[in-house]
Every structure is written in structure tokens, then in C-alpha cells.
Amino acid sequence: MGDTRHTKVLIIGSGPAGYTAAVYSARAMLNPILIQGLQPGGQLTITTEVENWPGDTHVMGPDLMVRMQEHATAMGAEIIGDYISSLDLSRRPFTAQADSGTTYTADAVILATGAQARWLGLPSEEKFKGFGVSACATCDGFFYRGKEIVVIGGGNTAVEEALFLTNFASKVTLIHRRDSLRAEKIMQDRLFKHPKIHMMWNHEVTEVLGTEAPLGVTGVRARNVQTGAEQIVPCAGFFVAIGHAPASELVKDQLALHSGGYVAVEAGSTRTAIPGVFAAGDLTDHIYRQAVTSAGMGCQAALDAERFLSGH
């Protein structure tokens, strides 16, 4: 039987939202405990270079997250390398069960478990992640100036990514396994009219090709889903845009969700349907999905939690 620990504020997740919430709640003397989860630092730890974080013209994603963790710790937050496997929000104090066996009780909970890009599941895709394979055009598109890029997907995300990447690439090939897109018609019109974008209908990517030293993408192998014929599409970058999966498993039966699993919050706040439970970052944001907006929501969540606790 593990220990039971109580805290005023329990923060679940350790991306920009979680660490920022920890900084603000620690400064409010709430003595927060932050549980890092399976991927300490979140999605930025698999991003190499970050050039859109305010104050840093260039910073490595993992380094930025180490700095955020150190900042939260310096403010007085307790950072614990553990994973919350179950969460009971039916009564206060809220109860969270960790993989280590420790039970955490809390007067307020900040959910910052993030969202993860959906991937194709190819071994070669995994091999080149961060080295030519990406799921975030706004994060990494800048690095492919004047180069050819391949995007895979057929929804709004894929079309948005393809259009954005035309700002940098010499050519963008959008591969879709069907003969029509699911994206909004107005976005499709913009896509089809763009001179830099080439469509490959009825194809799927079966392999990412590249070099070993240095590690980098040189192309993808695409298979026609109707004929089985294969061809190699040259590219320096491969962007997977088949959607994101918010990490809302902990609360899917306890909180209202929207847009495929994102936690619903009150407009203009981080408050969920359960008083004392707040959600921030990519877990609730299906529109922006940026480190800086996640950090902003982490700040909001800490301030919302502080106000909630002061009234109880």
C-alpha cells in the first residue's frame, strides 16, 4: 500500500501549460505538486529547434523544457516523475492514483496532459522524428526554406499545414488516401488554386526514406491504394497531419469533451464543469496548439485555481 499525500493544487502534466501553472501557483504560496507523466516536458521534448518562443531567437525544445522545470522548482513547486493512472473528480478532495502506488488528494486539480499528434505508426516514421519528420508545420516549416515537402492527410489540419508550408517550401505535395478531401470547401479552394501545391490522390505513405549520417529525410514511398503501384516522392521534410489526440483518457467519463476529445472549459477561463478542476494547454485547445498559448493557459489555470481556493 503506497503513501497518501495531500496538496492544495495538483497539476497533472509537464508541458508549457503544466510548468507555467506550477510557477504561478507556487508564487501564490499554494505549494503545488506537479506529476510529470509519461513524457516529461511534453511535445517540445521531441522538437529540435524552437525559434518562436518569445525571448529566444533559437532554443532547443528539450533545453527549453528543462529551463521551465527548473523555474517551477525554484519557485517552490514539487516536481514528481510519476504517472497518474486514475483520477476521481466525484468529490473533494479530489483523488489521484499514481503508478508508483502513491495516492494524491487535492483541493484543486489543474489538468495539463496535452495532446499528441496522431502518427502513421511506421518504424521509419519513428526513426526520423525530429530529423525531417514532423507533425507541426508552424513549429518546423521554417527549416525547409526552398525545399520540397510532403504532407499527408485530408482534413482541415492537412490543408492548413500544406498552405502554411508554401511560405517556405519550393513545392508541397499533399498525399491523401481518398479521391476527395474532408476539409472545408473554402480551404480546399485556396489549396487547389495554389501554384506550389501538388495533389496525390488515392495514395498512402508506406515508408519514410532518408540518410543515416547525418540523419535526414530524402523522400517517402507512396503506394496507390487502388492499383498497389508504388513510387518515391522526393522531399526534405515529411509532415504528418492526420489530426491530434488529446490526452483526456483520465477524465473522459467525468468531464464534458468536444471536437474529438478535448476538455471543454468555460469561455474566457480554464474552468471545467466541475468546480475546482481546471484544464489548460493542448488538452483543451484544438485551434492554436502552440507552446506560448499553452503557457498562457497554464497561467490562467493557476490564477483560476487560486481564486477558487480563496473562496473555499
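Taking the conditions exactly as written (outside any loop (DSSP other than H, G, I, E, B) and not assigned by TED's automatic domain parsing to the domain that holds Arg145), does Ala295 satisfy them or not? So Ala295 passes the test.
Filter region 232-247 for residues that are outside any loop (DSSP other than H, G, I, E, B), within 16 Å of the chain's Cα centre (by Cα) and surrounded by fewer than 21 Cβ atoms within 10 Å (Cβ to Cβ) and give the result. If the condition is that a residue be outside any loop (DSSP other than H, G, I, E, B), within 16 Å of the chain's Cα centre (by Cα) and surrounded by fewer than 21 Cβ atoms within 10 Å (Cβ to Cβ), then Ala245 is the only one that fits.
Taken over region 81-112, the residue count meeting the criterion of being free of Cβ contacts under 8 Å to residues at least 60 places away in the same chain, under 23 Å from the mean Cα position of the chain (by Cα) and surrounded by fewer than 16 Cβ atoms within 10 Å (Cβ to Cβ) is 4. A residue that is small (Gly, Ala, Ser) and either closer than 19 Å to Gly296 by Cα or assigned to a strand (DSSP E or B) (or both) can be found somewhere in region 32-42.
Can you tell me which residue in region 89-123 is farthest from Ser269 (Cα to Cα), limited to those that are part of a strand (DSSP E or B) and at pLDDT below 95? Going through the qualifying residues, I end up with Ala117.
Yes/no matrix, rows are residues, columns are (1) among the polar types (S, T, N, Q); (2) out of contact with any Gly (no Cβ under 9 Å at 6 or more places or on another chain):
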| residue | (1), (2) |
| --- | --- |
| Asp3 | no, no |
| His6 | no, yes |
| Leu38 | no, yes |
| Gly42 | no, no |
| Thr57 | yes, yes |
| Pro62 | no, no |
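Pairs linking a residue in region 180-207 that is assigned by TED's automatic domain parsing to the domain that holds Thr157 and closer than 13 Å to Ile152 by Cβ to a residue that is of a type in the set (Phe, Trp, Tyr) and exposed (fewer than 15 other Cβ atoms within 10 Å of the Cβ), with Cβ atoms under 9 Å and 6 or more positions apart or on different chains, are Met199/Phe192.
Let's see how each residue does on (1) surrounded by 17 or more Cβ atoms within 10 Å (Cβ to Cβ); (2) under 23 Å from the mean Cα position of the chain (by Cα):
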position	(1), (2)
Leu174	yes, yes
Arg178	no, no
Arg182	no, yes
Lys193	no, no
His203	yes, no
Thr211	no, no
Glu249	no, yes
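Screening region 65-80 for residues that are free of Cβ contacts under 8 Å to residues at least 40 places away in the same chain and of a type outside the set (Asp, Glu) and picking the one that is surrounded by the fewest Cβ atoms within 10 Å (Cβ to Cβ) gives Ala74.
Each row is one residue, and each column tells you yes or no for (1) in a loop (DSSP other than H, G, I, E, B); (2) in contact with a helix residue (DSSP H, G or I) (Cβ under 9 Å, 6 or more places away or on another chain).
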| residue | (1), (2) |
| --- | --- |
| Lys8 | no, yes |
| Ala21 | no, yes |
| Leu30 | yes, yes |
| Asp63 | no, no |
| Thr73 | no, yes |
| Ser86 | no, yes |
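Quick one: in region 131-172, which of the residues that are assigned to a helix (DSSP H, G or I) and of a type in the set (Ser, Thr, Tyr) is farthest from Val50 (Cα to Cα)? By that ranking, first place goes to Thr157. So in region 5-36, with the set limited to residues that are in contact with a strand residue (DSSP E or B) (Cβ under 7 Å, 6 or more places away or on another chain) and over 25 Å from Ser310 (Cβ atoms), which one is surrounded by the fewest Cβ atoms within 10 Å (Cβ to Cβ)? Step by step, filter region 5-36, then rank; the result is Gln36. For region 252-270, name all the residues that are assigned to a loop (DSSP other than H, G, I, E, B) and over 21 Å from Asp88 (Cβ atoms). Matches in region 252-270: Ser259, Gly260, Glu266, Ala267, Gly268, Ser269. Consider Arg289 carefully, then state whether it is part of a loop (DSSP other than H, G, I, E, B), among the basic types (Lys, Arg) and more than 27 Å from Asp107 (Cβ to Cβ). Judged against the criteria, Arg289 is a match. Taking the conditions exactly as written (more than 24 Å from Phe308 (Cβ to Cβ) and more than 21 Å from the chain's Cα centre (by Cα)), does Gly76 satisfy them or not? No; evaluated as a whole, the condition is false for this residue. Of all residues in region 287-312, those satisfying the criterion of being under 19 Å from Asp140 (Cα atoms) and without any contact (Cβ under 8 Å) to a residue 60 or more places away in the chain are Ile287, Tyr288, Thr293.
The values are calculated or read from the model by the stated rules, or taken from the named source; none is laboratory data. Bear in mind that the values here come from a model prediction, so they are computed numbers and not experimental data. Cβ sites come from the backbone with ideal geometry, for glycine too, and all protein chains shown count toward neighbours.
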